[in-house]
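Read through the structure below, which is laid out as structure tokens, and then see the notes.
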Amino acid sequence: SGKQGENKMTHSVIVSREKRGLGHSDAYIPVKKAVAEALNAEGVREKCTVCVLFTDDEGIRTINAEQRGLDKATDVLSFPMNDLVEGRPDFSDAERWEDGSVFLGDMVISLPHALSQGEEYGHGFAREISYLAVHSTLHLLGYDHTDEGARK
């Protein structure tokens with residue numbers, strides 16, 4: 001039938017907040033869209049689930065220290081559930097949820113960090129959290145930026 005979006009997979013993006021008072025009650029909207037668009041752009045044709053935690057700089061600093069040994073706040077953290085090869089999503093051995101979807105992993109976003117970066121770069125909060133969500137989604141799919149070639 002040629003309908004627009006016909007080949008797009010519907011993914012599940014579960015968003016939660018670490019604490020009350022973070023503001024930006026609609027932040028989940030661009031994040032869910034960005035994760036789904038990133039997965040579709042990468043050609044992911046299997047339903048995937050991604051969990052997103054919104055927090056503040058204190059919360060992300062604590063998680064960064066506990067999980068990565070880096071005692072500093074950052075904008076986004078990614079915790080892949082699978083050992084994937086960038087650009088080739090092979091989910092044959094992937095972790096799965098009860099509904100059969102591939103559990104890609106978790107991302108943590110500091111809302112205040114995203115707000116300040118959006119202002120600093122002049123493109124605003126919604127674009128910044130969308131960028132961070134895409135960046136993190138690519139990490140969950142196996143992309144890394146440990147060297148200049150991979151960073152591009």
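The values are calculated or read from the model by the stated rules, or taken from the named source; none is laboratory data. Because the structure is predicted, anything quoted here is derived from the model rather than measured. Cβ placement follows ideal geometry from the backbone for every residue including glycine, while neighbour counts extend to all protein chains displayed. Please note that ligands, DNA and RNA were not included when accessible areas were found on the heavy atoms of the full protein model with its side chains. Shrake-Rupley method; radii C 1.70, N 1.55, O 1.52, S 1.80 Å.
In percent, how large is the relative contact order of the chain, given Cα pairs closer than 8 Å and 6 or more residues apart? If you can, show how the numbers build up before the last one.
Working: 257 pairs, mean separation 40.6, N = 152.
Computed over the chain, the figure is 27 percent.
Full extension of the chain between VAL85 and LYS33 yields a length gain of 16.4 nm, computed as 0.36 nm times the residue separation minus the alpha carbon distance.
Annotation: MET81 carries an accessible surface of approximately 80 Å², with a 1.4 Å probe and no ligand, DNA or RNA atoms counted. Taking a ≥ b ≥ c as the square roots of the eigenvalues of the Cα gyration tensor, region 25-69 is classed as oblate, since a/c reaches at least 1.5 and a/b does not exceed b/c.
In this structure, ASN40 and SER116 have a Cβ-Cβ separation that, at R0 = 30 Å, corresponds to a calculated FRET efficiency of about 0.55.
Between ASP71 and LYS19, full extension at 0.36 nm per residue minus the direct alpha carbon distance yields a gain of 16.7 nm.
Relative contact order of region 37-104: 34 percent, from C-alpha pairs under 8 Å at least 6 residues apart in sequence.
When the residues LEU115, LEU84, LEU39 are ordered by accessible surface, computed with a 1.4 Å probe over the protein chains alone, the sequence from largest down reads LEU115, LEU84, LEU39. DSSP bridge analysis restricted to the chain gives an antiparallel fraction near 35%, rounded to the nearest 5.
With a cut-off of 8 Å between alpha carbons and a minimum separation of six or more residues, what is the relative contact order of region 89-145 in percent?
Numbers: 37 pairs, mean separation 15.4, N = 57.
Once normalised by length, the contact order is 27 percent.
Residue by residue, region 12-22 carries 3J(HN,Hα) couplings of 10, 10, 9, 10, 9, 10, 5, 7, 6, x, 7 Hz when phi is fed to the Karplus relation 6.51 cos²θ - 1.76 cosθ + 1.60 (θ = phi - 60°); x denotes Gly or Pro.
Listed options for percent of Cα pairs over 20 Å apart are (1) 58; (2) 42; (3) 50. The value calculated from this structure is the one marked (3).
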